[in-house]
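See below for the structure under consideration.
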Amino acid sequence: MKIGVLKETKLLETRVALTPDTVKQLLKKGFEVAIETEAGLQSSFSDQDYVAAGASIGSKTEISQSDVVLKVNSFTEEEVGQLKEGIVTISFLYAYTIPAVVDALKAKKIAAFSMDAVPRISRAQKMDALSSQANLAGYKTVILGANALGKIFPLMMTAAGTITPTKVLIFGAGVAGLQAIATAKRLGAVVEVTDVRPETKEQVESLGGRFLMVEGVEGVKIEGGYAKEVSAEFLQKQKELVESKIKDADLVITTALVIGKKAPVLVSEDMVKSMKKGSVIVDMATESGGNCSISEKDKTVVKHGVTIIGDSNLPALLPINASQLYGTNIITLLMHLADKDGFKWDMEEEITKGSLITHNGELVHEFTKSILN
Ligand code: NAD
């Protein structure tokens, strides 16, 4: 079976779906691999590196004829148009946001698997690309914030005086937030954290952060370990608590997400106005509207004396690690579905059912259907 990797075309993307190391793993299992010319260049992998790993190199047209085509970002309509009928694709899709591409996939009878739809269950941990990428992104928020701040993180006692540690305030202690806490602590900051899920308190404290406990957690609905609904009363109490903290913070990092909803706005313009001049906000949620009301997607802006960073593709700033982890996620899913002789999936199996979007000319994914139909 021939696996093809297309070069990413999205603006500011630097990742690639397979690294030379992940190519080697597929070859060992008996698959053939072909990579589009220069697909790995921005992740620091040359065509020669892939050839040395055992892959062949081909044009976009040639790669599009493979039995399985892999990407990081979703396919465009034009890319789907070039694919062979009836093949398998695996990529991030966020299918419910791209109805025209879903129609194109249906028309070509493509079995399209979406990495963002892989269920977050323990059996699928090694395929969980949302987590692998959010983890790296959480690290990068701190590095970007530290770089934009005019001060250092740790306490430093010098002959010329004592420098007090930087104060970091983090919204959301999920995958990205926990990595941001760990990174900020390693650099010597004092870290405070707010989350709607009380069970994150222990995780935050084990990393050395201080958890800001909001009273009235009964206003939060949790499902499968994720925040599903947060009441207006709870958000009001949280606002009152963080208003007093944000005035003192040097760096604010926002990673708050409520599954299936637009990002909750937790930092208002008035809160930004109350912050110290020279402080920094890194808003991770700009792709889904932003946790800060005045952040701008993919821009760094200075408003009311505060630098607000809104990069929506932080993993692309760490393409070597991001491609390495994504590559492992994607080949683990692939090997779950197939061996060298072909695909052998069971439509009712949880991981397959959770991540298969279109099949045999039909939209088969329940969540995507509920939004698009
Ligand atoms: P996650 O689901 O693991 O964590 C989100 C956390 O936010 C959860 O712990 C949840 O309880 C918490 N939360 C919900 N409402 C809150 C509130 N009102 N106050 C405080 N916390 C609240 O998600 P993740 O994988 O860590 O990703 C975090 C965010 O970053 C998402 O919006 C994701 O789309 C985004 N993301 C951005 C990039 C980027 O490059 N900018 C990369 C990866 C992920």
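The numbers here are math on the coordinates, done by the rules we state, and not lab data. Bear in mind the structure is a predicted one, so any value in this text is a computation, not a measurement. Neighbour counts run over all protein chains shown; Cβ positions are idealised from the backbone, glycine included.
Laid out as a table, the results:
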read-out	value
Where only C-alpha atoms are counted, convex hull volume of the stretch 65-111 per residue in Å³	60
Lysines whose Cα lies under 24 Å from that of Lys84, excluding same-chain neighbours fewer than 8 positions away	Lys2, Lys7, Lys10, Lys29, Lys60, Lys71, Lys106, Lys108, Lys109, Lys340, Lys344, Lys353
Within the stretch 14-28, backbone nitrogen closer than 20 Å to the virtual label 7 Å beyond the Cα of Ala52 toward Cβ	16-28
Efficiency of FRET between Lys2 and Arg123 - r from beta-carbon atoms, R0 35 angstrom, step 0.05	0.80
DSSP-loop GluC sites (Glu not before Pro) across the stretch 1-56, with at most 14 other Cβ within 10 angstrom	Glu38
In sequence order, calculated HN-Hα J values of the stretch 301-316 (Karplus, 6.51, -1.76, 1.60; Hz; x Gly/Pro)	10, 10, 10, 6, x, 10, 7, 10, 9, x, 4, 9, 10, 5, x, 5
Pair Lys353, Glu205: separation of 7 Å Cα→Cβ label points (nm)	3.9
DSSP beta bridges in the chain [antiparallel fraction, %, rounded to 5]	30
Relative packing of peptides 137-143, 304-310 - highest average C-beta neighbours within 10 Å first	137-143, 304-310
DSSP bridge pairs, the stretch 215-336: antiparallel proportion in percent, nearest 5	50
Under the Karplus curve 6.51 cos²θ - 1.76 cosθ + 1.60, θ = phi - 60°, whole-Hz ³J(HN,Hα) for the stretch 326-343, x wherever Gly or Pro sits	4, x, 5, 4, 6, 6, 5, 5, 4, 6, 5, 9, 8, 10, 4, 8, x, 8
Added length on full extension, which subtracts the Cα-Cα distance from 0.36 nm per residue, Leu317 to Lys151	57.5 nm
Ile357 long-range amide H proximity, modeled H, under 5 Å	Ala112, Phe113, Ser114
Per-residue HN-Hα couplings for the stretch 167-179 [Karplus 6.51, -1.76, 1.60; θ = phi - 60°; Hz; x = Gly/Pro]	9, 10, 10, 10, 9, x, 10, x, 4, 5, x, 5, 5
Label point distance in nm, Gln236-Asp116, each placed 7 Å from Cα along Cα→Cβ	3.3
Relative counts (whole %) of C-alpha pair distances in the chain, using bins that are 10 Å wide	5, 23, 29, 23, 15, 5, 1, 0
The stretch 164-244: GluC sites (Glu not before Pro) in DSSP loop, at most 14 other beta carbons within 10 Å	Glu199, Glu215
Helix-only mean residue ellipticity at 222 nm for the chain, each DSSP H run of n ≥ 4 adding -39500 (n - 2.57), per residue, nearest 500	-10000 deg cm²/dmol
Residues Ser206, Ser56, Ser295, Ser122, sorted so that the one with the fewest Cβ neighbours within 10 Å comes first	Ser122, Ser206, Ser56, Ser295
Other-chain or far-sequence residues with amide H under 5 Å of Ile57's (modelled H)	Ile35
Difference of contour (0.36 nm per residue) and Cα-Cα distance, Leu12 to Glu78	21.8 nm
Thr162/Lys245 FRET efficiency (R0 35 Å; Cβ-Cβ; nearest 0.05)	0.95
Between the stretch 145-180 and the stretch 114-142, the alpha-carbon center distance in angstrom	25
The stretch 242-262 versus the stretch 270-326: alpha-carbon centroid distance in Å	11
Residue with peak Gaussian network fluctuation, the chain [Cα springs, cutoff 10 Å], from Gly209, Gly290, Gly219	Gly219
Val252 long-range amide H proximity, modeled H, under 5 Å	Leu169, Val280, Ile281, Val282
Packing rank of 77-89, 147-159, where each peptide gets the mean count of other beta carbons within 10 Å, highest leading	77-89, 147-159
The stretch 15-105: chymotrypsin sites (Phe, Trp or Tyr not before Pro) falling in loop per DSSP and having at most 13 other Cβ within 10 Å	none
In nm, spacing of pseudo-spin labels at Asp339 and Asp298 (7 Å Cα→C-beta vector)	4.4
Antiparallel content of DSSP bridges confined to the stretch 110-263, in %, to 5	40
